[in-house]
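Coordinate-derived values only; no laboratory data. Computed from a prediction, not measured in an experiment: that's the story for all the values here. Here the Cβ positions follow ideal geometry from the backbone for every residue, glycine too, while neighbour counts run over all protein chains shown.
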Amino acid sequence: MPDFSIEQEYKGIVCGIDEAGRGPWVGNVVAGAVIILDRALSPELLDNLNDSKKLSKAKREHLYALLRQAENAGQIKIGVGEATPAEIDEYNILQATFMAMRRAVENLGIKADMALIDGNRLDAKFPIPSRAIIKGDAKSYSISAASIIAKVWRDKELEKLAEKYPQYGFEHNAGYGTKDHIEGIKKYGILPEHRRSYRPIKEFLSSSAA
């Protein structure tokens with residue numbers, strides 16, 4: 001379970017960063033950044049923060065609401081950044097993810113002194129000192145909170161895409177290459193929101209052009 005032990009290694013303001021949506025074939029990649037200014041958060045929040053992938057959709061949405069309440073109370077700062085499918089296609093998914101993370105930090109409203117980033121890669125262009133932490137969303141409260149912000153934000157975007165394009169099953173598959181998503185592509189084609197640099201989308205485009 002996460003705690004504040006990594007945050008306590010640093011002086012000044014520490015933010016946690018995580019992303020959602022690197023693997024799916026459609027939509028933006030989203031990064032969340034969270035600074036916990038007041039570590040006396042509600043026990044309900046601290047007791048349940050964890051890697052967003054280990055939580056049910058309902059639990060993630062509940063924790064997201066609690067995080068927004070803590071933001072409104074001045075206990076935390078939240079920033080969200082995104083990179084579009086066009087940016088993913090132009091720069092590749094790793095560089096687009098870094099772009100989204102930089103935008104999330106810019107949207108925090110205050111400048112952090114240190115960034116704790118989930119994963120094993122660092123961005124050479126990152127605007128503040130940073131540290132990569134493998135499985136950080138299960139180790140650091142700040143990263144765990146950021147993972148929930150990013151995941152729920154992206155899920156909400158996919159729900160909007162599902163309303164716009166009901167034939168692709170986005171409300172169920174989150175944009176991954178599931179059977180209903182593939183069937184939707186075969187019947188209705190590639191969407192503007194698809195990531196055309198991803199191999200399966202490339203293959204659909206080349207086969208339809210043949």
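Rounded to whole Å, give me the distance from the Cα center of segment 89-116 to that of segment 161-204.
Centre-to-centre distance over Cα atoms comes out at 26 Å.
Report, in degrees rounded to the nearest 10, the 0 to 90 angle that the Cα long axis of helix 199-209 makes with the longest principal axis of the chain.
Between the helix axis and the principal axis of the chain, the angle is about 20 degrees.
Between PHE126 and SER5, what is the spin-label point distance in nm, taking each point 7 Å from the Cα along the Cα→C-beta axis?
2.1
What is the local net charge at LYS160, summed over the other residues whose Cβ is closer than 12 Å to its Cβ (Lys, Arg +1; Asp, Glu -1)?
Neighbour charge sum, excluding LYS160 itself: -3.
Which aspartates and glutamates does LYS125 reach when only Cα atoms under 19 Å apart count, and residues fewer than 8 places away in its own chain are ignored?
Leaving aside aspartates and glutamates fewer than 8 places away in the same chain, those within reach of LYS125 are ASP18, GLU19, GLU82, GLU87, GLU90, GLU106, ASP113.
Would you mind calculating the relative contact order of the chain from Cα pairs under 8 angstrom and at least 6 residues apart, reporting the percent as a whole number?
31
Anyone know which of GLU71, GLU44, GLU61 comes out most mobile in the 10 Å Cα GNM of the chain?
Most flexible of the set in this elastic network: GLU44.
Given +1 on the Cβ of Lys and Arg, -1 on the Cβ of Asp and Glu, and no further charges, what dipole in debye does the chain carry about its Cα centre, rounded to the nearest 20?
Dipole size: approximately 380 debye.
If you stretched the chain out fully between LYS202 and TYR91, how much longer would it get, using 0.36 nm times the residue separation minus the C-alpha to C-alpha distance?
Numbers: separation 111, 0.36 × 111 = 39.96 nm, distance 1.59 nm.
Gain on extension, LYS202 to TYR91, equals 38.4 nm.
In segment 74-95, which residues have a backbone nitrogen under 16 Å from the label point lying 7 Å from TYR165's Cα in the Cα-to-Cβ direction?
Label zone hits: 84-89.
Any chance you could give the angle, 0 to 90 degrees and rounded to 10, that helix 179-188 forms with the longest Cα principal axis of the chain?
That helix lies at roughly 50 degrees to the long axis.
Once phi is turned into θ = phi - 60°, what whole-Hz ³J(HN,Hα) does the Karplus curve with 6.51, -1.76 and 1.60 give for every residue of segment 110-123, x standing for Gly and Pro?
Using θ = phi - 60°, the values come out as 9, 8, 7, 8, 8, 10, 9, 10, 5, x, 10, 10, 10, 8 Hz.
Which translational diffusion coefficient, to the nearest whole µm²/s, is obtained for the chain from the Stokes-Einstein equation, given a Kirkwood hydrodynamic radius over C-alpha pairs, 10 °C and 1.306 mPa s?
Stokes-Einstein gives a translational diffusion coefficient of 90 µm²/s.
Which lysines have a Cα lying under 21 Å from the Cα of LYS77, excluding residues fewer than 8 positions away in the same chain?
Cα-Cα hits under 21 Å: LYS11, LYS59, LYS111, LYS139, LYS151, LYS156.
Quick one: of LYS53/LYS186; LYS57/LYS160; LYS160/LYS187, which pairs are farther than 22 Å apart, Cα to Cα?
Details: LYS53/LYS186 29 Å; LYS57/LYS160 16 Å; LYS160/LYS187 20 Å.
Check vs 22 Å cut-off fails for LYS53/LYS186.
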